[in-house]
Amino acid sequence: MEIDSKNAIKYAAQINLEGFDFARQEKLLRAHVLIVGVGGLGCYAAQTLCAAGVGEVTIVDHDTVQLSNLSRQILFCEADIGLPKATQAKARLLSQNYPATVNCVVDKFDENMSAVNGARIDLILDCTDNMAVRLKINRFAAKSRIPLISGAAIRMQGQLFTYEPKQTDSACFECISSFFTEQNAACSESGILSPVVGVIGNLQALQAIKLLATYGDVESNKLSIFDAMTSKWSEFKVTRAANCHACKNSTL
Ligand SMILES: [Zn+2]
(Lines give C-alpha, C1' and ligand atoms only; values in the text may rest on other atoms or scores of the structure.)
Protein backbone atom coordinates (compact mmCIF):
# COMPACT_ATOMS: atom_id res chain seq x y z
CA MET A 1 0.00 0.00 0.00
CA GLU A 2 1.49 3.30 -1.08
CA ILE A 3 0.97 6.85 0.11
CA ASP A 4 -1.06 8.86 -2.41
CA SER A 5 -0.40 12.54 -3.12
CA LYS A 6 -3.06 13.76 -0.67
CA ASN A 7 -1.70 11.68 2.20
CA ALA A 8 1.84 12.70 1.29
CA ILE A 9 0.78 16.26 2.11
CA LYS A 10 -1.33 15.28 5.12
CA TYR A 11 1.55 13.34 6.68
CA ALA A 12 4.40 15.54 5.46
CA ALA A 13 5.37 16.47 9.03
CA GLN A 14 5.95 12.81 9.95
CA ILE A 15 7.46 11.87 6.58
CA ASN A 16 9.94 14.73 6.97
CA LEU A 17 11.18 13.40 10.30
CA GLU A 18 14.77 12.24 9.99
CA GLY A 19 14.75 8.51 9.28
CA PHE A 20 10.95 8.24 9.05
CA ASP A 21 10.33 8.91 5.36
CA PHE A 22 7.60 7.37 3.15
CA ALA A 23 8.57 3.81 4.04
CA ARG A 24 7.57 4.16 7.69
CA GLN A 25 4.42 6.10 6.89
CA GLU A 26 3.48 3.21 4.59
CA LYS A 27 4.11 0.75 7.43
CA LEU A 28 1.55 2.68 9.48
CA LEU A 29 -0.90 2.65 6.58
CA ARG A 30 -0.58 -1.14 6.33
CA ALA A 31 -0.99 -1.69 10.09
CA HIS A 32 -4.02 -3.05 11.92
CA VAL A 33 -4.36 -2.15 15.60
CA LEU A 34 -6.83 -3.76 17.99
CA ILE A 35 -8.02 -1.31 20.64
CA VAL A 36 -9.83 -2.95 23.54
CA GLY A 37 -11.81 -0.39 25.51
CA VAL A 38 -12.80 3.01 24.19
CA GLY A 39 -13.16 4.92 27.42
CA GLY A 40 -10.77 7.75 28.25
CA LEU A 41 -7.56 5.99 27.20
CA GLY A 42 -9.06 4.39 24.11
CA CYS A 43 -10.59 7.64 22.85
CA TYR A 44 -7.24 9.43 22.90
CA ALA A 45 -5.27 6.47 21.59
CA ALA A 46 -7.69 5.72 18.75
CA GLN A 47 -7.87 9.32 17.62
CA THR A 48 -4.10 9.78 17.70
CA LEU A 49 -3.45 6.53 15.83
CA CYS A 50 -6.00 7.34 13.12
CA ALA A 51 -4.75 10.92 12.83
CA ALA A 52 -1.17 9.67 12.48
CA GLY A 53 -2.16 7.49 9.51
CA VAL A 54 -2.64 3.96 10.85
CA GLY A 55 -4.57 2.10 8.17
CA GLU A 56 -6.98 -0.03 10.20
CA VAL A 57 -8.24 -0.07 13.76
CA THR A 58 -10.71 -2.42 15.40
CA ILE A 59 -12.43 -1.09 18.51
CA VAL A 60 -13.97 -3.51 21.01
CA ASP A 61 -16.18 -2.15 23.79
CA HIS A 62 -19.48 -3.38 25.24
CA ASP A 63 -20.38 -0.20 27.13
CA THR A 64 -22.60 2.78 26.33
CA VAL A 65 -21.81 6.49 26.58
CA GLN A 66 -22.78 8.21 29.86
CA LEU A 67 -22.94 11.92 30.64
CA SER A 68 -20.21 11.43 33.27
CA ASN A 69 -17.83 10.14 30.54
CA LEU A 70 -17.78 13.31 28.51
CA SER A 71 -15.15 15.19 30.52
CA ARG A 72 -12.40 12.88 29.25
CA GLN A 73 -13.79 10.55 26.56
CA ILE A 74 -13.18 12.99 23.77
CA LEU A 75 -14.75 11.10 20.87
CA PHE A 76 -18.25 11.47 22.35
CA CYS A 77 -20.79 14.25 22.74
CA GLU A 78 -24.16 14.58 24.50
CA ALA A 79 -26.00 13.24 21.45
CA ASP A 80 -24.13 9.92 21.96
CA ILE A 81 -25.46 9.32 25.50
CA GLY A 82 -26.99 5.85 25.79
CA LEU A 83 -25.47 4.65 22.51
CA PRO A 84 -22.64 2.09 22.23
CA LYS A 85 -19.19 3.61 22.66
CA ALA A 86 -17.72 1.41 19.92
CA THR A 87 -20.18 2.50 17.22
CA GLN A 88 -20.05 6.17 18.22
CA ALA A 89 -16.25 6.14 18.31
CA LYS A 90 -16.21 4.61 14.83
CA ALA A 91 -18.64 7.25 13.52
CA ARG A 92 -16.58 10.11 15.00
CA LEU A 93 -13.29 8.75 13.66
CA LEU A 94 -14.75 8.25 10.18
CA SER A 95 -16.13 11.80 10.22
CA GLN A 96 -12.60 13.13 10.72
CA ASN A 97 -11.44 11.96 7.28
CA TYR A 98 -8.51 9.86 8.39
CA PRO A 99 -7.30 7.17 5.99
CA ALA A 100 -8.17 4.45 8.49
CA THR A 101 -10.64 1.64 8.06
CA VAL A 102 -12.46 1.55 11.40
CA ASN A 103 -14.13 -1.65 12.61
CA CYS A 104 -16.15 -1.84 15.79
CA VAL A 105 -17.49 -4.62 17.99
CA VAL A 106 -20.11 -3.93 20.66
CA ASP A 107 -19.20 -6.74 23.01
CA LYS A 108 -16.85 -7.76 25.80
CA PHE A 109 -13.43 -8.83 24.54
CA ASP A 110 -13.07 -12.51 23.84
CA GLU A 111 -10.28 -14.06 21.81
CA ASN A 112 -12.84 -16.16 19.94
CA MET A 113 -14.85 -13.20 18.64
CA SER A 114 -14.84 -13.17 14.86
CA ALA A 115 -13.18 -9.74 14.59
CA VAL A 116 -10.19 -11.07 16.51
CA ASN A 117 -9.92 -14.80 15.94
CA GLY A 118 -7.78 -15.40 12.87
CA ALA A 119 -7.56 -11.70 12.00
CA ARG A 120 -4.21 -10.19 11.04
CA ILE A 121 -3.53 -7.92 14.01
CA ASP A 122 -0.20 -6.13 14.26
CA LEU A 123 -0.56 -4.65 17.72
CA ILE A 124 -3.00 -4.52 20.65
CA LEU A 125 -3.76 -1.60 22.95
CA ASP A 126 -5.27 -2.53 26.30
CA CYS A 127 -7.33 0.51 27.24
CA THR A 128 -9.63 -1.32 29.66
CA ASP A 129 -10.12 -0.83 33.38
CA ASN A 130 -10.73 -4.39 34.52
CA MET A 131 -8.02 -6.80 35.65
CA ALA A 132 -9.78 -9.96 34.47
CA VAL A 133 -10.14 -8.53 30.96
CA ARG A 134 -6.55 -7.27 31.01
CA LEU A 135 -5.31 -10.78 31.79
CA LYS A 136 -7.48 -12.22 29.03
CA ILE A 137 -6.09 -9.73 26.48
CA ASN A 138 -2.55 -10.48 27.66
CA ARG A 139 -3.01 -14.23 27.22
CA PHE A 140 -4.32 -13.66 23.71
CA ALA A 141 -1.32 -11.43 22.94
CA ALA A 142 1.09 -14.04 24.28
CA LYS A 143 -0.52 -16.91 22.41
CA SER A 144 -0.77 -14.93 19.16
CA ARG A 145 2.65 -13.30 19.66
CA ILE A 146 1.24 -9.82 19.09
CA PRO A 147 2.82 -6.81 20.88
CA LEU A 148 0.63 -5.42 23.66
CA ILE A 149 0.68 -1.93 25.15
CA SER A 150 -1.21 -1.67 28.43
CA GLY A 151 -2.30 1.66 29.88
CA ALA A 152 -4.10 2.62 33.07
CA ALA A 153 -5.19 5.92 34.59
CA ILE A 154 -7.03 6.59 37.82
CA ARG A 155 -7.14 9.55 40.22
CA MET A 156 -3.81 11.35 39.68
CA GLN A 157 -1.75 8.40 38.47
CA GLY A 158 -1.07 6.75 35.14
CA GLN A 159 0.72 3.53 34.20
CA LEU A 160 2.24 2.30 30.98
CA PHE A 161 3.68 -1.10 30.07
CA THR A 162 4.76 -2.73 26.81
CA TYR A 163 4.96 -6.48 26.19
CA GLU A 164 6.73 -7.81 23.10
CA PRO A 165 6.06 -11.57 22.90
CA LYS A 166 8.64 -12.13 20.16
CA GLN A 167 11.41 -11.02 22.51
CA THR A 168 12.43 -14.06 24.50
CA ASP A 169 12.98 -12.19 27.77
CA SER A 170 10.03 -9.79 27.59
CA ALA A 171 7.86 -9.85 30.70
CA CYS A 172 4.15 -10.06 29.94
CA PHE A 173 1.36 -8.21 31.70
CA GLU A 174 0.58 -11.22 33.88
CA CYS A 175 4.22 -11.38 35.03
CA ILE A 176 3.87 -7.88 36.47
CA SER A 177 0.14 -7.67 37.10
CA SER A 178 0.60 -7.35 40.86
CA PHE A 179 2.24 -3.95 40.25
CA PHE A 180 -0.63 -2.70 38.09
CA THR A 181 -3.39 -0.84 39.86
CA GLU A 182 -6.60 -2.84 40.06
CA GLN A 183 -9.40 -0.46 39.34
CA ASN A 184 -12.20 -1.34 41.71
CA ALA A 185 -14.41 1.60 40.92
CA ALA A 186 -15.24 3.66 37.87
CA CYS A 187 -13.27 6.84 37.26
CA SER A 188 -16.44 8.84 37.92
CA GLU A 189 -16.43 7.45 41.50
CA SER A 190 -12.70 7.28 42.22
CA GLY A 191 -11.99 10.55 40.45
CA ILE A 192 -9.51 11.39 37.75
CA LEU A 193 -8.16 14.62 36.34
CA SER A 194 -9.15 14.48 32.67
CA PRO A 195 -5.74 15.17 31.06
CA VAL A 196 -4.19 12.20 32.89
CA VAL A 197 -6.00 9.81 30.57
CA GLY A 198 -4.80 11.93 27.64
CA VAL A 199 -1.18 11.61 28.75
CA ILE A 200 -1.37 7.82 29.02
CA GLY A 201 -3.64 7.22 25.99
CA ASN A 202 -1.42 9.32 23.76
CA LEU A 203 1.70 7.58 25.06
CA GLN A 204 0.11 4.23 24.22
CA ALA A 205 -0.40 5.58 20.69
CA LEU A 206 3.19 6.86 20.56
CA GLN A 207 4.58 3.48 21.62
CA ALA A 208 2.33 1.80 19.06
CA ILE A 209 3.49 4.04 16.22
CA LYS A 210 7.15 3.48 17.13
CA LEU A 211 6.67 -0.28 17.18
CA LEU A 212 4.61 -0.40 13.97
CA ALA A 213 6.95 1.92 12.08
CA THR A 214 10.12 0.48 13.68
CA TYR A 215 11.14 4.00 14.62
CA GLY A 216 12.95 4.89 17.85
CA ASP A 217 13.20 2.73 20.91
CA VAL A 218 10.43 0.97 22.77
CA GLU A 219 11.60 -0.65 25.96
CA SER A 220 9.95 -3.74 27.27
CA ASN A 221 10.56 -4.97 30.84
CA LYS A 222 9.79 -1.50 32.15
CA LEU A 223 6.76 -0.26 34.08
CA SER A 224 6.37 3.51 33.84
CA ILE A 225 4.27 5.31 36.44
CA PHE A 226 3.18 8.93 36.05
CA ASP A 227 2.42 10.97 39.16
CA ALA A 228 0.20 13.76 37.92
CA MET A 229 0.45 15.63 41.26
CA THR A 230 4.13 16.30 40.62
CA SER A 231 4.21 15.62 36.85
CA LYS A 232 7.07 13.21 37.48
CA TRP A 233 7.66 9.76 36.04
CA SER A 234 9.02 6.74 37.86
CA GLU A 235 10.38 3.77 35.95
CA PHE A 236 10.65 0.28 37.37
CA LYS A 237 12.63 -2.52 35.80
CA VAL A 238 10.63 -5.72 35.73
CA THR A 239 11.60 -9.22 34.70
CA ARG A 240 9.83 -12.13 33.19
CA ALA A 241 8.35 -14.53 35.75
CA ALA A 242 9.84 -17.97 35.20
CA ASN A 243 6.60 -19.84 35.74
CA CYS A 244 4.14 -17.36 34.26
CA HIS A 245 1.31 -19.35 32.72
CA ALA A 246 0.58 -16.67 30.15
CA CYS A 247 3.98 -16.21 28.51
CA LYS A 248 6.05 -19.33 29.20
CA ASN A 249 5.03 -20.93 25.92
CA SER A 250 4.76 -17.75 23.83
CA THR A 251 8.28 -17.72 22.40
CA LEU A 252 9.17 -20.25 19.79
ZN1 LIG B 1 4.27 -13.63 31.75
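The values are calculated or read from the model by the stated rules, or taken from the named source; none is laboratory data. Keep in mind the model is a prediction, meaning the values are calculated, not measured. Note that each Cβ is placed from the backbone with ideal geometry, even for glycine, and that neighbours are counted across all protein chains shown. Only protein heavy atoms, including side chains, enter the accessible area calculation; ligands, DNA and RNA are left aside. Shrake-Rupley method; radii C 1.70, N 1.55, O 1.52, S 1.80 Å.
Using Cα-only point scatterers and the Debye equation, what is log10 of I(q)/I(0) for the chain at each q in 0.08, 0.09, 0.11, 0.12 Å⁻¹, rounded to two decimals? So the normalised log intensities work out to -0.29, -0.36, -0.55, -0.67. What FRET efficiency do you get for residue 233 and residue 21 if R0 is 22 Å and r is their Cβ-Cβ distance, rounded to the nearest 0.05? E between residue 233 and residue 21, to the nearest 0.05, is 0.15.
Here is the list for region 1-108: trypsin sites (Lys or Arg not before Pro) lying in DSSP coil, each with at most 16 other C-beta atoms within 10 angstrom of its C-beta, are 108.
Measuring r between the beta carbons of residue 79 and residue 217 and using R0 = 45 Å, the FRET efficiency lands at 0.60. Compared with the direct C-alpha span, the chain from residue 111 to residue 62 gains 16.2 nm at full extension, assuming 0.36 nm per residue.
The candidates 230, 58, 168, arranged from most to least accessible area with a 1.4 Å probe in the full protein assembly, appear as 168, 230, 58. Since only 141, 71, 121 are under comparison, the one whose Cα sits farthest along the positive direction of the charge dipole of region 1-153, derived from C-beta charges on Lys, Arg, Asp and Glu, is 141. Each label point was placed 7 Å from the Cα along the Cα-to-Cβ direction; for residue 70 and residue 156 their separation is 2.8 nm.
What is the chain's relative contact order, in percent, from Cα pairs under 8 angstrom and six or more apart in sequence? Numbers along the way, then the final one.
On the way: 520 pairs, mean separation 49.7, N = 252.
Once divided by the residue count of the chain, the mean separation gives 20 percent.
Centre-to-centre separation between the Cα atoms of region 32-104 and those of region 1-28: 24 Å.
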